[in-house]
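Q: I'd like to ask some things about the structure below.
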Amino acid sequence: MADIAEVRDWRRVGGPRAGETGPVPVPRLIRRVKSATSWKPWPINRKTVIDDQLDGWGFLTRRKTELAVYDDQVLPHSPFSGWVAFAIEPEDVEAGQVVADDLEAQVRAASLPPGQIRALGNIGERLQTGGSRHQRGTGLEGR
């Protein structure tokens, strides 16, 4: 939280909220955040491919906190967050269920409380019923 509290002017960090994605707005976002904070962007150079669907970038603070920055939000980022659902199509449901089942098995093996295991079961349920088409972070948003 200290890294977030140190940002003096959030208007300089926030973007136009135009919903733009891809290789044009992402470098603009990187420049904007670099100029408004002391955060270091994930490595990027002329050979870096920025996908047309990409709408954010990661930054490392001086406290070594990783943050994912988008035009309208800053979220903690974890390289250990696991699978994230994005634009799930009907043909993706089976693969998503396999991931959810594997995650549930890992949780059972770790002896987590039943309430947390039930929450994991709901992931597969959301996939089968259409769930959220866009989830960032841990993949558990939109519960």
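Q: Let me have the relative contact order for segment 2-76, percent, based on Cα pairs under 8 Å that are six or more residues apart.
A: The normalised contact order for segment 2-76 reaches 34 percent.
Q: Let me ask something else about it. By average Cβ neighbour count within 10 Å, what is the ranking of 51-61, 89-99 from highest down? Don't skip to the end; give the middle numbers.
A: On the way: 51-61: 15.7, 89-99: 12.3.
Ranking, from highest mean packing down: 51-61, 89-99.
Q: Applying a 10 Å radius around every beta-carbon, put 65-71, 19-25 in order of their mean neighbour count, most first.
A: Highest mean packing first, the order is 65-71, 19-25.
Bear in mind these aren't lab numbers, they're just calculated from the coordinates by the rules spelled out. Owing to the predicted nature of the structure, the values given are computational and were not obtained by experimental measurement. FYI the Cβ positions are ideal-geometry reconstructions off the backbone, even for glycines, and counts take in every protein chain you see.
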